[in-house]
Amino acid sequence: MKLRKTLLGAAAVALLGGMAAAPAMAAAPTVHSLPVPAKPAKHYHFTLITKSNASPYWLAVREGADAAAKKFGVSVAFEAPASGTDLAGQIGMVNNAVTGGTDGIILAAQNPQALLKPVKSALAHHIPVVTVDSGLSPNISDCFLATSNVGAAAALAKYTADHLMGGKGQYAIVDFNHTASTGIARPKGFMLGMKSYPHIKKMGPIQYSNNDVSAGLRIATTMLTQYPHLKVIFGANDRAALGPAEAVQRAHAKVKVVGFDADLGEIALVKAGIIQASILQSPYDMGYYAVVALLDKLDGKTLPKRINTPYFLLTPKNLGSSQATAAIRQYAPKYNPAG
């Protein structure tokens, strides 16, 4: 936990050296506001249900939850649909956890409205629910731990406009999903950030890859032909950034890709300068502190409704920093910057 806690200790967005740090969102508490629970007398059985099992991001959430479970003497069962679009499957998993008598649920909701009914059922059965990354609308869970997606995407847009576009030019967006709260918030934040630049223009509607890298490749290839003066493509998650990055490589284009999240493939693309910036979240800590939040709730403590987890803006220039290493290890614990 030491390297991961280093990232959590930064209550600001870490940007490229020489830039001012943006303050963290003051309206929401941080994970440090959660009381450290005592080891419970009862062996609780929790259920972690993420949006899919097809991304290193969700496996990092799982690893964090497993580490907390080991520390506090509880168990966490991991369940996830194979696809991030299998909404019926995820709803069924929540319902099954309730009927199976789980002691608490950690949920990353595929759809902020469709999961309301099963979560209401859990709460009616006195089963606490903590949401991570992708929450509910309205937020009826006991606690929601997530990045400020609008704020982080806006910070990424500002960096992109100032450092990659020179304050002018064209950009396009490849999103991964139009129903998940994160799929809605990140393009919104990126476009909000770009609104401050009158000489920057978004080209075409947002395109959706549905978490399919090959679909993102096809979409971005079309964009490169359709918009020959394009400067930047924003991919709203790891899968949505990898497709455009491959398209740019294949076309030997000068278009820059910016994105969200990171697996080791993306880190290699950042190192190569294909992906010029990416917002790294805190998935390990989301999983870890979601278990802490459940234990606090079961111990009768009052939880904040929303906890903002920190993020780090990774670029080729700060890739070698200790802060970048800590951020990347949220996704890949064995990452070696010298490797």
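The values are calculated or read from the model by the stated rules, or taken from the named source; none is laboratory data. Predicted model, so just to flag it, every value in this text is computed and none were measured. Because the Cβ atoms are built from the backbone with ideal geometry, glycine has one as well, and the counts that use them run over all protein chains shown.
Odds and ends about this structure:
- Restricting the range 34-55 to residues that are more than 19 Å from Phe144 (Cα to Cα) and buried (at least 18 other Cβ atoms within 10 Å of the Cβ), the residue that is nearest to the chain's Cα centre (by Cα): Ser55
- If the condition is being assigned to a loop (DSSP other than H, G, I, E, B) and within 16 Å of Leu295 (Cα to Cα), then the range 104-122 contributes no residue at all.
- Qualifying residue in the range 152-163 (condition: of a type in the set (Phe, Trp, Tyr) and closer than 20 Å to Lys271 by Cα): yes
- Options Gly100, Gly73; residue that is at positive phi and either at pLDDT 95 or above or surrounded by 20 or more Cβ atoms within 10 Å (Cβ to Cβ) (or both): Gly73
- Residue pairs meeting the criteria (Cβ under 9 Å; at least 6 apart or on separate chains; first among the hydroxyl-bearing types (Ser, Thr, Tyr), in the range 66-95; second in a helix (DSSP H, G or I)): Ser75/Ala69; Ser83/Gly89
- Residues in the range 1-33 that are surrounded by 14 or more Cβ atoms within 10 Å (Cβ to Cβ), more than 22 Å from Ser75 (Cα to Cα) and modelled with pLDDT of 75 or more: Ala28, Pro29, Thr30.
- Candidate set: the range 123-140, residues that are among the aliphatic types (A, V, I, L, M) and either in a loop (DSSP other than H, G, I, E, B) or more than 18 Å from the chain's Cα centre (by Cα) (or both); chosen: the one farthest from Ile49 (Cα to Cα): Ala124
- Within the set Ala272, Ala247, Ala262, the sole residue that is within 18 Å of the chain's Cα centre (by Cα) and within 29 Å of Lys168 (Cα to Cα) turns out to be Ala262.
- Positions within the range 207-243 being of a type in the set (Lys, Arg) and surrounded by 19 or more Cβ atoms within 10 Å (Cβ to Cβ), in sequence order: Lys231, Arg239
- Hits in the range 185-206 - residues which are touching a residue at least 12 places away in the same chain (Cβ under 8 Å) and surrounded by fewer than 20 Cβ atoms within 10 Å (Cβ to Cβ): Lys188, Met191, Leu192, Ser196, Tyr197, His199, Lys201, Lys202, Met203, Gly204, Ile206
- Long-range neighbours under 9 Å by Cβ, at least six apart or interchain, first residue without any contact (Cβ under 8 Å) to a residue 24 or more places away in the chain within the range 252-271, second part of a loop (DSSP other than H, G, I, E, B): Ala268/Ile274
- Here Gly101 clears all of (1) over 23 Å from Arg239 (Cβ atoms); (2) small (Gly, Ala, Ser); (3) not in a loop (DSSP other than H, G, I, E, B) except the condition numbered (3).
- Contact map, the range 130-141: first residue over 19 Å from Val98 (Cα atoms), second residue of a type in the set (Ser, Thr, Tyr), Cβ cut-off under 7 Å, separation 6 or more or different chains; pairs are Asp133/Thr182; Ser134/Ser181; Ser134/Thr182; Ser137/Ser181.
- Residues that are touching a helix residue (DSSP H, G or I) at 6+ places or on another chain (Cβ under 8 Å) and aromatic (Phe, Trp, Tyr) number at least 2 in the following helices (runs of 4 or more DSSP H) confined to the range 195-311: 283-298.
- Meets criteria (in a helix (DSSP H, G or I) and either under 30 Å from Thr302 (Cα atoms) or not aliphatic (A, V, I, L, M) (or both)) for Ala185: yes
- Each residue in the range 103-126 was checked for being buried (at least 20 other Cβ atoms within 10 Å of the Cβ) and of a type in the set (A, V, I, L, M, F, W, C), and 8 of them qualify.
- Condition broken by Ala161, with the remaining ones in (1) assigned to a loop (DSSP other than H, G, I, E, B); (2) surrounded by fewer than 24 Cβ atoms within 10 Å (Cβ to Cβ); (3) in contact with a strand residue (DSSP E or B) (Cβ under 7 Å, 6 or more places away or on another chain); (4) of a type in the set (Gly, Ala, Ser) satisfied: (1)
- Among residues of the range 39-68, those that are more than 15 Å from Pro283 (Cβ to Cβ) and not hydrophobic (A, V, I, L, M, F, W, C), counted: 7
- Per-region count, the range 164-177, residues surrounded by fewer than 22 Cβ atoms within 10 Å (Cβ to Cβ), closer than 16 Å to Lys202 by Cβ and of a type outside the set (D, E, K, R): 5
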